[in-house]
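Enquirer: Can you keep this structure in mind? I'll have questions shortly.
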Amino acid sequence: MAHEILLLEKIKQNDALAFKELFYMYVNKVHNFVLGYLKNKHEAEDITQVVFEKIWENRMSIDTNKSFDGFLFTIAYRVTIDHFRKVSSQKYLATIELFDGAELLPDASSADYLINQHQFESLYEKALNTLTDKRKEIFLLSRHEGLSNNKIAIKLNISIKTVENQMTSALATLRDFFKNSNLLLLAFFLFKFF
């Protein structure tokens, strides 16, 4: 404990070596904490890196009279929540047109939202897997990466008309998937994510 307090005091004085030592003391704990939420090793590694960047940025806020664990895991939790929100805007809001513009706002700060978002992500992945490989690739480039039809056509060396046709078919397939899913899941989707 005394050693940790000394490290924290050094970090507050911009000591990068002390920070490196603290990083190695906590990196596995933070990674496991984040992995518990994300269930994806690569995402958890990225988020863990961001957590430690935030710790360094906020080093002057560290109170050596209080639990560092509390400070660290509060930041880890907040960064994870921010990641969920970012994923939500990229993956889920892109599908709003499947429901003819239905717009319902979720309470993105609630724990229920985060749990349900994981459940929806699983359903969404199943829906994407109903698409052919080419159609899925075009849909992801359009809706997840924000590429225009023209840029997709150039990237994949196909005509714009092919991109348009594939997107129309992808949207129809996804719309049918959700319409044919359990109505409770559909209601869950509509009310929790839009």
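We did not get these values from a lab; they are worked out from the coordinates using the rules stated. What you see is a predicted model, and the numbers here were worked out from it, not measured in a lab. With ideal geometry, Cβ positions are generated from the backbone for all residues, glycine too; neighbour counts draw on all protein chains shown.
Enquirer: Mind giving me the nanometre distance, one decimal, between the label points for Met25 and Glu9, set 7 Å out from Cα along Cα→Cβ?
Expert: Result for the modelled spin labels: 1.3 nm.
Enquirer: Also, quick follow-up: Taking a cut-off of 18 Å between Cα atoms, list the lysines near Lys161, but don't count ones fewer than 8 places away on the same chain.
Expert: List returned: Lys134, Lys136, Lys151.
Enquirer: Return the FRET efficiency for the residue pair Glu137, Asn32: r is the Cβ-Cβ distance, R0 is 30 Å, and the value is rounded to the nearest 0.05.
Expert: In this case the efficiency is close to 0.35.
Enquirer: So which lysines can Lys20 reach, going by Cα to Cα under 25 Å and dropping same-chain residues fewer than 8 places off?
Expert: Straight-line reach from Lys20, under 25 Å: Lys10, Lys12, Lys29, Lys41, Lys54, Lys66.
Enquirer: Can you give the extra length, in nm with one decimal, that the chain gains between Asp63 and Arg78 once fully stretched, where that is 0.36 nm per residue apart less the Cα-Cα distance?
Expert: Value of the extension gain: 3.6 nm.
Enquirer: On to the next question. Counting other Cβ atoms within 10 Å of each Cβ, which chymotrypsin sites (Phe, Trp or Tyr not before Pro) in the stretch 1-58 have at most 11 and sit in a DSSP loop?
Expert: Numbers: sites: Phe19, Phe23, Tyr24, Tyr26, Phe33, Tyr37, Phe52, Trp56; in loops: none.
Loop-located and lightly packed - none at all.
Enquirer: Please list, by residue number, every one of the GluC sites (Glu not before Pro) in the stretch 1-80 that is coil in DSSP and has at most 10 other beta-carbon atoms within 10 Å. Don't jump to the answer; show the numbers that get you there.
Expert: Details: sites: Glu4, Glu9, Glu21, Glu43, Glu45, Glu53, Glu57; in loops: none.
The qualifying sites: there are none.
Enquirer: In nm, to one decimal, how far is the modelled label at Lys39 from the one at Ala16, with both set 7 Å along Cα→Cβ?
Expert: Simple spin-label model gives 3.9 nm for this pair.
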